[in-house]
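**Q** Encoded as structure tokens, here's the structure I'll be asking about.
Nothing in this text is a laboratory measurement; each read-out follows from the coordinates by a stated rule. If you're wondering where the values come from, they're calculated on a predicted model, not measured in any experiment. We place every Cβ from the backbone using ideal geometry, glycine too, and count neighbours over all the protein chains shown.
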Amino acid sequence: MKRIAIIGGGTSGLSAAITLERARAGGAELDYAVFEEAPRLGGVLVTERIDDCLVEAGPDSFLTEKSWGSDFVRALGLGDQLIGSNDSDRITYILVHGRLVPIPDGLMFMVPTKIAPILSTPLFSWRAKLRFAREYFQEPISRDGDRDETVAEMVERHFGPEMVERLADPLLAGVYGGSAADLSAAAVLPRFVEMERRYGSLSRGMLQARKQREKVAKAGQGSARVAPRPLFTSLQGGMQQLVDAIVPQLASGAARTGNRVVAVGRSRGKWMVAPEQGSPEEFDAVIMALPANAAGRLLQKISEPLSEELQRIPYSSSIVVVCGYDKRDLASVPPGFGFLVPRSERRRILACTFVHVKFPHRAPPDRGLVRCFIGGWGNEAALSLPDGEILAAVRKDLREIVGITAIPRFARLYRWRNAMAQYVRGHLARVRRIEELRAIIPGLQLAGNAYRGIGVPDCIASGQAAAKALLDDGKS
Ligand SMILES: Cc1cc2nc3c(=O)[nH]c(=O)nc-3n(C[C@H](O)[C@H](O)[C@H](O)COP(=O)(O)OP(=O)(O)OC[C@H]3O[C@@H](n4cnc5c(N)ncnc54)[C@H](O)[C@@H]3O)c2cc1C
């Protein structure tokens, strides 16, 4: 009987565990255990019900485009629980000199694709708009193939510094808790890098990609009108439904919560996993589904170079603050999903979601939920501030930006220390080196948000891939 240890019980670890469980139920001779430091499984997937509202402490949804996320949810029997974001009310604002300016229609992520709305938006200066127009005619250029540019460098080359400051940086702060000046374009915007190689201009590339998508969709649907998919997908009862569906399906006794792994060793072809409580256990293989730096520390005695590479992947920390209000106290809040705040505005809040608009059923009709994201790359100090100081800063920003003066009915604060891996310059080369070093250690797999995707669907895929690789190992 093959024994597999999964270290870390977040999205990645649970997805690995359910993949192993299905193989076991299908007759594979295996046994597995999930070691999790926290008293519960799920990692950053945490949903709470507070004052009749559904409060997401970590991720609130995932990109619909990453359809394997929904496939995973369906395979868990939760297909009827999938919901889409309320895109008919999707407006996102950027704070510019203290005022909220809507992101104009026709900006796809940070690429202008429509002339009229871009020309009329006050989000950019005329100088910037002229630059966008010129970009459309950019031809593919041969570039030094080995140089890994940052997102800021790449976006500035195409659209100028205003696009970096007003859009690229705040968007990446919202998604990665990161900074455009540090994140690698090849790692976080691979589609853009490919488009640039093919078309030169990103605007032309984006328009071509859209045409192609529409053609494929039409061909698939005959003459029927193709309904656009919502941008974000979530679960009716919150992201934690994933955890609640997986945990009871795991083999009895497999979940070892509240038990941090403190050492990992190898001897005579076997792995020894030593938890903080209880005796070390012997396994045939290990899936490290915990942050890369923690995995690196555990692997120090097994492979010094692998351990070093893993520990070089940096992480950012963040705080999510969720405030519940009576709807009447939100009269001054503009319609839409929320806003992003460029660094130059010098605010505590990096991004804010009006949850009751994005996912209306998450608050009763007469209530509103406002979710703020603070901290991020280079802002570690915020994590150590007392709760009261953070809440006061958030309330001050909300008062000054969207005019909310009322005391919230409730406020909750969630600290996420070192939870978001940062794909900085050189990330993809580092991941390749990690892969090579890992591949020579028998029975070792790595999963998590540190390698090839930070979002929930990416972590699901990495857990599945790690488990499948070990199952396939057994076959050869
Ligand atoms: C605030 C926030 C908001 C986000 N929003 C979104 C979103 O809206 N959409 C989206 O797609 N993605 C979002 N993400 C990203 C995504 O949720 C995460 O990348 C993903 O869930 C990480 O899963 P994981 O299993 O790799 O890591 P984690 O969830 O961090 O799990 C790792 C686990 O390992 C455990 N562990 C660590 N060390 C040990 C040890 N020595 N022994 C045992 N256990 C250990 C930890 O306790 C933890 O539970 C968000 C992330 C954060 C933090």
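**Q** Cut-off is 10 Å between beta-carbons; in what order do K66, K396, K211 appear when sorted fewest neighbours first?
**A** K211, K396, K66
**Q** Please compute the length gained on full extension between R229 and K396, using 0.36 nm multiplied by the number of residues separating them and subtracting their Cα-Cα distance.
**A** 56.5 nm
**Q** Any idea what the dipole of the range 38-122 comes to, in debye rounded to 20, about its Cα centre with Lys/Arg Cβ at +1 and Asp/Glu Cβ at -1?
**A** Here the range 38-122 has a charge dipole of around 300 debye.
**Q** Could you list which residues have their amide H under 5 Å from that of F232, counting only those 5 or more apart in sequence or on another chain, with H placed in the peptide plane?
**A** Answer set, sorted by chain and number: T64, S85.
**Q** Run through the range 223-324 and list the GluC sites (Glu not before Pro) located in a DSSP loop whose Cβ has at most 12 other Cβ atoms within 10 Å.
**A** When the GluC sites (Glu not before Pro) of the range 223-324 are filtered for loop state and at most 12 Cβ neighbours within 10 Å, E276 remain.
**Q** Please compute the Kirkwood hydrodynamic radius of the chain from all pairs of different C-alpha atoms, in Å with one decimal.
**A** Hydrodynamic radius (Kirkwood, Cα only) of the chain equals 23.8 Å.
**Q** Give me a comma-separated list of calculated 3J(HN,Hα) values for the range 28-37, in order, Karplus coefficients 6.51, -1.76, 1.60 applied at θ = phi - 60°, integers in Hz, x for any Gly or Pro.
**A** Each residue of the range 28-37 in turn: 5, 7, 8, 9, 9, 9, 10, 8, 9, 5 Hz.
**Q** When the expected Rg is taken as 2.2 N^0.38 Å, what fraction or multiple of it is the alpha-carbon Rg of the range 1-90?
**A** Normalised Cα radius of gyration, the range 1-90: 1.32.
**Q** Full extension from W68 to K270: what is 0.36 nm times the residue separation minus their Cα-Cα distance, to one decimal in nm?
**A** 69.4 nm
**Q** Now a separate question. With +1 on each Lys and Arg Cβ and -1 on each Asp and Glu Cβ, how big is the dipole of the range 298-418 about its Cα centre, in debye rounded to the nearest 20?
**A** For the range 298-418, the charge dipole is close to 380 debye.
**Q** Under unit Cβ charges (Lys, Arg +1; Asp, Glu -1), what dipole magnitude, rounded to 20 debye, does the chain have relative to its Cα centre?
**A** Value, rounded to 20: 920 debye.
**Q** What FRET efficiency comes out for the pair L428/L130, r = Cβ-Cβ distance, R0 = 56 Å, nearest 0.05?
**A** 0.95
**Q** Would you please state the base-10 log of I(q)/I(0) at q = 0.13 1/Å for the range 37-177, with intensities from the Debye formula using one equal scatterer on every alpha carbon?
**A** After summing over all Cα pairs, the log10 values are -0.82.
**Q** Scan the range 288-342 for trypsin sites (Lys or Arg not before Pro) in coil per DSSP, keeping those whose Cβ has at most 11 other Cβ atoms within 10 Å, and list them by number.
**A** Loop-located and lightly packed - K301.
**Q** Related question: Rank these for me by crowding, C459, C53, going from fewest to most other beta carbons within 10 Å.
**A** Starting with the residue having the fewest Cβ neighbours, the order is C53, C459.
**Q** Given the options Q445, T64, V44, identify the residue whose Cα lies farthest towards the positive end of the charge dipole of the chain (+1 on Cβ of Lys, Arg; -1 on Cβ of Asp, Glu).
**A** My answer, from the dipole projection, is T64.
**Q** If you don't mind, there's one more thing I want to ask. Ranked by Cβ crowding within 10 angstrom, fewest neighbours first, how are S384, S316 ordered?
**A** With the sparsest Cβ surroundings first, the list reads S384, S316.
**Q** I need the peptides 452-458, 401-407 ranked by packing, meaning the mean over residues of other C-beta atoms within 10 angstrom, with the highest value on top.
**A** In descending order of packing, they fall as 452-458, 401-407.
**Q** Taking only DSSP H segments of four or more residues, each worth -39500 (n - 2.57), what value at 222 nm results for the chain once the sum is divided by all its residues, to the nearest 500 deg cm²/dmol?
**A** Per the formula, -10500 deg cm²/dmol.
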